[in-house]
Amino acid sequence: MALLEIRDVVKQFGDFTAVNHVSLSVEAGEFFTLLGPSGCGKTTLLRMLAGFEQPDSGEIILDGVNVAGVPPEKRPVHTVFQNYALFPHMTVAQNIAFPLKMANVPSEELKQRVAEVLEDVQLTPFAQRFPHEMSGGQRQRVAIARALVNRPRLLLLDEPLSALDAKLREEMQIELINLQKEVGITFVYVTHDQGEALALSHRIAVMNKGQVAQLDVPEVIYSHPKSRFVADFIGQCNLLDGTIVGIGHDRMQVEIAGVGIAETLLLPDAKVGQKGTLTLRPEKIKLAASLPLDVADEVHFKGKVHDCLYLGDVTMYVIELENGILVETMLPNSAPGRAKFFDDNDLVELAWRYDAGHFILS
Amino acid sequence: MAKNKSLGRWLISGPPLLYLLIFFAIPTLIMAFAAFRFPGDYGGLLPFIDINPESGKNELLIHAGNWQEFLTFENFSRFFEDTIYVELFIKSFWYAGITTLVCLCMSYPLAWLIARSPKKYRDLLILLVILPFWSNFLIRVYAWMIILGPQGYFAMTINQGLALVGIAPIQLMYSHFAVIVVLVYVHLPFMVLPLYANLEKHDVALLDAAQDLGASGWRRFWKITWPLSLPGVWAGSALVFIPALGMFAVPDLLGGTDGMMIGNLIKQQFLDSRDWPFGSVLSIMLTLAVLMMAGLGMMIGRGRQRNAL
Ligand SMILES: Nc1ncnc2c1ncn2[C@@H]1O[C@H](COP(=O)(O)OP(=O)(O)OP(=O)(O)O)[C@@H](O)[C@H]1O
Ligand SMILES: [Mg+2]
């Protein structure tokens, strides 16, 4: 039995549907992420889990109990708010002790548990400081410590790292992973940053317009997006519109208008004539001045360099195919002394394996 | 550059400082000095410079040999000799304290409601709170005299109710009750405004966080809202307590014979008894008492910070 089950939950504000028939389940000990663009209903779903909003229909089952009507203060669920919401008139130690006081934990045990969790988040020397005397990253850790200290069944985190700068965010991501492993509490994490979701999560639910677009482990979400939306939202992705023109026994042929035929993995219920989109990650495309033709299992095209973007570790080349379609590819800048292999308007050749991409029917 | 900056600072803070100096510090010093002098024959103070009856000329009468004829501690000893003055002080503090407390209890929910109401109505509601200021203070007090008077509907309704259960009619006017009711009425906006200014700035996310972490309604109030609103509570209390303490018009009009407050006595000394030195002593004692209270309050406030778990 899953720790948390969301069954067909709907939430409307007026005639706007913020959460639209969402069903999913989260296992105990899991790091589960809700990922989606701004306004897709992530916070609304989280607030329903915390108890601040009631679903219009559907059920939320926590630990086998339907929590409908249970107020937030009675749920074994704690939240790390986006802006931390630390109590400004309390010291770090008092902030962290707050949930324990509310649960009437005896004072000896309370002191010990506050000390333990301060240790966990490496804030012991700051116990007597006030929140306004701390940096953003430190405040973040206080907020997490405060939400963890009373060992909730479920910890909700609403974009907890969005206010931090990139470097600190990376450090905090690693700390979060370690902390979650250490305390073993189930995390439901909300973010609109796909890199963060891929790095942290055991499983990801990609949301769009109040619905779950795809729910799976990060590798599958990245390499086998089920829809154009997911492919486009997660990472860099080339989207080539095409039509199925031939079906083999484990692969099929797709005609990409004006460019040629590309071979790709067979879809179970594909029929000739169906239209769709071929999704192709830039790093899966080979790029060279000339590539050997007739390599088994490879698709081969010609093009010319349209743009180069130097990104440090890699350089992104935008290649214009014969019909004017732009394809993004990238080459690592690992060779010593070389950062750029091509210039604008150089003629190049592209190739990718038939199983590098993935065809999505529209 | 640095010089310019400090010059600018002085230009900005100079005028108000000068204003305070002239209109607060200097009168206080004059009064402190007056407290050690004798009253003049027809009010005012016994002059140091006067016509010398012997020579018939204007000259300085005070010198090392006769200073005791001009300066004295008598005014202060008079204050402590008779307990009625200290008793009047205590009574006035009691009136002002009750007024402050009642104002606080009435204003807090009101200020909270206004702070939580939709933004577009807030200014209007605050305007309604200060609307009474638009009519004259005395007119409002006289209105209360009519309301509380024996022919007023308020008093009549109460007395009719009392008659039903067989209790003799009571008099509302000219009583402690009347004084406190009107003191509360007059000072209410001074409590509502600072409380509103404070409560309006509260971050509602803090209450969500407290609730999420297990705090029920009352605990959310006492652990979050109340401590964060203390600056507003202190400001409002000071704005009500201090003027209420020195009030003389309200007890004069509604207090009757035993409704007198320290303000009435001070006014009496200056205007009726023509005893400026003793009036000065009373004023100085009042100022000292208020300063002592403020200091005590600040010390308590300090002690609360950073206490352990
Ligand atoms: N109380 C409310 N009243 C009306 N509409 C609301 C309310 N709360 C949220 N919405 C709407 O519901 C939609 C989803 O909001 P939600 O806050 O869940 O988005 P989100 O996915 O968390 O976005 P973000 O990444 O920007 O935080 C938004 O379009 C928002 O305008
Ligand atoms: Mg949100």
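In table form, for the structure just shown:
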| item | result |
| --- | --- |
| Residue within region A:105-114 that is among the basic types (K, R), more than 33 Å from the chain's Cα centre (by Cα) and over 30 Å from A:D193 (Cα atoms) present | yes |
| Hey, A:K209 without any contact (Cβ under 8 Å) to a residue 12 or more places away in the chain, of a type outside the set (A, V, I, L, M) and either in contact with a Pro (Cβ under 6 Å, 6 or more places away or on another chain) or over 16 Å from A:A50 (Cα atoms) (or both) or not | no |
| The listed residue being within 18 Å of A:A231 (Cβ to Cβ), assigned to a helix (DSSP H, G or I) and touching a Phe, Trp or Tyr at 6+ places or on another chain (Cβ under 9 Å), out of A:A213, A:A205, A:A197 | A:A197 |
| Subset tally (residues that are β-branched (V, I, T) and facing chain A (nearest Cβ under 7 Å)) for region B:198-244 | 1 |
| Spans of helices (runs of 4 or more DSSP H) in region A:20-138 with at least 2 residues away from ligand 1 (no atom under 16 Å from the Cβ) | A:92-102, A:107-120 |
| Residue selected from region A:89-104 under the condition more than 7 Å from chain B (Cβ to nearest Cβ) and in contact (Cβ under 8 Å) with a residue 24 or more places away in the chain, by the criterion surrounded by the most Cβ atoms within 10 Å (Cβ to Cβ) | A:I96 |
| Unique match (being of a type in the set (A, V, I, L, M) and free of Cβ contacts under 8 Å to residues at least 40 places away in the same chain) among A:I247, A:I256, A:I285, A:I234 | A:I247 |
| Residues of region A:154-201 that turn out to be more than 16 Å from ligand 2 (Cβ to nearest atom) and under 19 Å from A:L45 (Cα atoms), as a count | 5 |
| Which numbered condition A:T277 fails, given (1) assigned to a loop (DSSP other than H, G, I, E, B); (2) under 22 Å from A:I221 (Cα atoms) | (1) |
| Test result for B:A155, surrounded by 15 or more Cβ atoms within 10 Å (Cβ to Cβ), under 21 Å from the mean Cα position of the chain (by Cα) and over 30 Å from A:V142 (Cα atoms) | no |
| Contacts under 8 angstrom Cβ, first residue in region B:288-309 being away from every other protein chain (no Cβ under 14 Å) and under 30 Å from A:E133 (Cα atoms), partner at pLDDT 85 or above and open to solvent by less than 90 Å² (accessible area, probe 1.4 Å), 6 or more apart | B:A294/B:A238 |
| Subset of region A:152-172 (residues that are in contact with a strand residue (DSSP E or B) (Cβ under 9 Å, 6 or more places away or on another chain) and away from ligand 1 (no atom under 16 Å from the Cβ)) | A:P152, A:R153, A:L154, A:L155 |
| Residue in region B:286-298 that is crowded, with 19+ Cβ neighbours inside 10 Å and modelled with pLDDT of 90 or more present | yes |
| Test: B:G8 is of a type outside the set (D, E), loosely packed, with under 10 Cβ neighbours inside 10 Å and farther than 24 Å from B:I284 by Cα | no |
| Near pairs, Cβ below 7 angstrom, 6+ apart or cross-chain, from region B:198-227 (under 20 Å from B:L110 (Cβ atoms)) to any residue that is open to solvent by 30 Å² or more (accessible area, probe 1.4 Å) and among the hydroxyl-bearing types (S, T, Y) | none |
| A:V26 in contact with a helix residue (DSSP H, G or I) (Cβ under 8 Å, 6 or more places away or on another chain) and either over 22 Å from A:V183 (Cβ atoms) or more than 14 Å from every other protein chain (Cβ to nearest Cβ) (or both) | no |
| Some residue of region A:6-16 being without any contact (Cβ under 8 Å) to a residue 24 or more places away in the chain and either assigned to a loop (DSSP other than H, G, I, E, B) or within 10 Å of chain B (Cβ to nearest Cβ) (or both) | yes |
| Total residues in region A:127-184, condition surrounded by fewer than 14 Cβ atoms within 10 Å (Cβ to Cβ) and within 14 Å of chain B (Cβ to nearest Cβ) | 3 |
| Subset of region A:53-81 that is facing chain B (nearest Cβ under 9 Å) and within 24 Å of the chain's Cα centre (by Cα) - its residue that is most open to solvent (accessible area, probe 1.4 Å) | A:F81 |
| Residue list for region A:216-239, filter: assigned to a strand (DSSP E or B) and buried (at least 20 other Cβ atoms within 10 Å of the Cβ) | A:N238 |
| Verdict on B:A235 being in contact with a Leu (Cβ under 9 Å, 6 or more places away or on another chain), open to solvent by less than 20 Å² (accessible area, probe 1.4 Å), of a type outside the set (D, E) and more than 17 Å from B:T28 (Cβ to Cβ) | no |
| Among the residues listed as A:E27, A:E53, A:E59, A:E73, the single one being within 16 Å of ligand 2 (Cβ to nearest atom) and acidic (D, E) | A:E53 |
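The values are calculated or read from the model by the stated rules, or taken from the named source; none is laboratory data. Owing to the predicted nature of the structure, the values given are computational and were not obtained by experimental measurement. FYI the Cβ positions are ideal-geometry reconstructions off the backbone, even for glycines, and counts take in every protein chain you see. These accessible areas exclude ligands, DNA and RNA; they are computed on the full protein's heavy atoms, side chains included. Shrake-Rupley method; radii C 1.70, N 1.55, O 1.52, S 1.80 Å.
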